[in-house]
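Peer 1: Questions regarding the structure given below will be posed in turn.
The values are calculated or read from the model by the stated rules, or taken from the named source; none is laboratory data. Quick caveat: nothing in here was measured; it's all calculated off a predicted structure. With ideal geometry, Cβ positions are generated from the backbone for all residues, glycine too; neighbour counts draw on all protein chains shown. Just so you know, the surface numbers come from the protein's heavy atoms only, side chains and all, with ligands and any DNA or RNA stripped out. Shrake-Rupley method; radii C 1.70, N 1.55, O 1.52, S 1.80 Å.
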Amino acid sequence: MFTLRAIRPVVVNTTQSIGYQNRNYATLKEIQLRLKSINSIAKITKSMKMIASTKMTRAQKAMEIARVFGTTQTGLFTYADTKPTEGGNTLVITVSSDRGLCGGIHSSVSKRSKKFIEENPSSQIIVLGDKAKGQLQRTVRENIKLSFNQIGRSIPTYNEASSIADTILKEKIDFDQAAIIYNYFISVISYEAKIIPAFSVSTFAKSGNFDSYEVEDDVLEHLQEFAFANSIYWGLVEGHAAEMASKRSAMENATKNAGEIIEKLTMTYNRGRQAAITNELVDIITGASAL
């Protein structure tokens with residue numbers, strides 16, 4: 001007649017699947033938090049890029065004006081055939097700023113200054129900006145004579161350069177020639193550490209073609225002070241323009257990298273979410289088939 005079959009209840013081990021779901025939910029929550037933080041960073045870097053772009057345009061205009069005065073002033077030494085004094089005292093002025101997040105702009109002048117000191121170990125250094133000062137203190141701390149900060153917050157002015165030059169001259173730092181190491185602005189994505197020469201009154205008076213100029217002693221001293229301040233001003237403005245361009249490139253690359261990370265994390269989050277939904281459906285179907 002009728003055959004009775006014993007139905008054995010199926011026991012489903014849901015402990016492992018529940019533990020997997022919990023871990024998966026925890027991972028998804030971590031990814032969400034990381035996505036939120038990286039999105040915030042991307043917004044900040046994008047804003048900093050826009051600010052740097054605006055500052056770079058202003059800095060380039062100031063740089064073009066300063067470059068005209070600077071090249072004219074250095075042309076004076078070229079026409080006068082002014083040459084460094086052999087065995088004389090050389091002063092190194094490293095031009096940087098106090099702010100970072102601008103790529104290797106400060107390392108460029110620091111490396112050039114270190115190389116110069118290796119070739120001229122007795123040279124004294126004056127550092128403009130805290131960033132280069134921190135890098136130079138590691139190797140040539142003994143050569144640093146003076147340092148200035150609060151530089152690079154805005155476009156440098158001639159008054160700032162004159163104050164720096166006046167402070168250096170008042171400190172009675174003895175030098176026959178000076179090497180102002182700065183970042184030369186080549187393009188928006190390129191710069192190079194170069195040297196602006198400057199000379200003392202005695203060195204300029206020994207120029208080969210100095211007799212071609214009718215210059216009195218007191219006028220010669222004022223001319224040297226003006227040329228020295230003008231050289232510092234040129235280096236500051238040129239370095240500021242290179243710094244703004246480098247900062248813009250750095251923030252653009254940071255925004256691009258943040259976007260790539262966001263895409264990868266979004267893909268990982270979507271995959272994990274789909275896996276979690278699939279596991280929930282499997283558990284529901286397994287439980288329903290066990291009834």
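Peer 1: Taking only the Cα atoms of the chain, how large is their convex hull per residue, in Å³?
Peer 2: 164 Å³
Peer 1: Another one. All other residues with a Cβ under 11 Å from the Cβ of Ser200 taken together, and with Lys, Arg as +1 and Asp, Glu as -1, what is their net charge?
Peer 2: With Lys, Arg at +1 and Asp, Glu at -1, the neighbours total -3.
Peer 1: Quick one: of the DSSP bridges fully inside the chain, what percent are antiparallel, nearest 5?
Peer 2: 40 percent
Peer 1: With every protein chain kept in place and ligands, DNA and RNA left out, what is the accessible area per residue of the range 73-248? Probe 1.4 Å, answer in Å².
Peer 2: Ligands and nucleic acids excluded, the result is 49 Å² per residue.
Peer 1: Which is the longest part of the chain that has none of the trypsin sites (Lys or Arg not before Pro) sitting in a DSSP loop with at most 11 other Cβ atoms within 10 Å?
Peer 2: Looking at the chain, 6-137 is the longest stretch - no exposed trypsin sites (Lys or Arg not before Pro) with at most 11 other Cβ atoms within 10 Å.
Peer 1: With contacts defined as alpha carbon pairs under 8 Å and 6 or more residues apart, what's the relative contact order of the range 167-291 in percent?
Peer 2: That works out to 25 percent.
Peer 1: Restricting to DSSP H runs of at least four residues, report the calculated mean residue ellipticity at 222 nm for the chain, -39500 (n - 2.57) per run over all residues, nearest 500 deg cm²/dmol.
Peer 2: Rounded to the nearest 500, it is -22000 deg cm²/dmol.
Peer 1: Turning to a different aspect of this structure: How large is ³J(HN,Hα), in whole Hz, for each residue of the range 231-241 in order, when computed from phi with the Karplus curve 6.51 cos²θ - 1.76 cosθ + 1.60 and θ = phi - 60°, using x for Gly and Pro?
Peer 2: Karplus-based 3J(HN,Hα) across the range 231-241 equals 5, 5, 4, 4, x, 5, 5, 5, x, 5, 5 Hz.
Peer 1: Over the chain, with a Gaussian network built from C-alpha contacts below 10 Å, which listed residue (Val140, Val109, Val68) shows the highest mean-square fluctuation?
Peer 2: Judging by the Gaussian network model, the answer is Val68.
Peer 1: Give, rounded to the nearest 20 debye, the magnitude of the charge dipole that the chain has about its Cα centre when Lys and Arg contribute +1 at Cβ and Asp and Glu contribute -1 at Cβ.
Peer 2: 2680 debye
Peer 1: Roughly how many percent of the accessible protein surface of the chain is carbon and sulfur, given a 1.4 Å probe and a whole-percent answer?
Peer 2: Ligands and nucleic acids excluded, carbon and sulfur reach 54 percent.
Peer 1: Search the structure for amide H atoms under 5 Å from the amide H of Phe199, placed 1.01 Å from N in the peptide plane, and list their residues when 5 or more places away or on another chain.
Peer 2: Result for Phe199 returns Ala178.
Peer 1: Give the Cα extents of the range 114-255 along the principal axes, in whole Å, largest first.
Peer 2: 58, 31, 26
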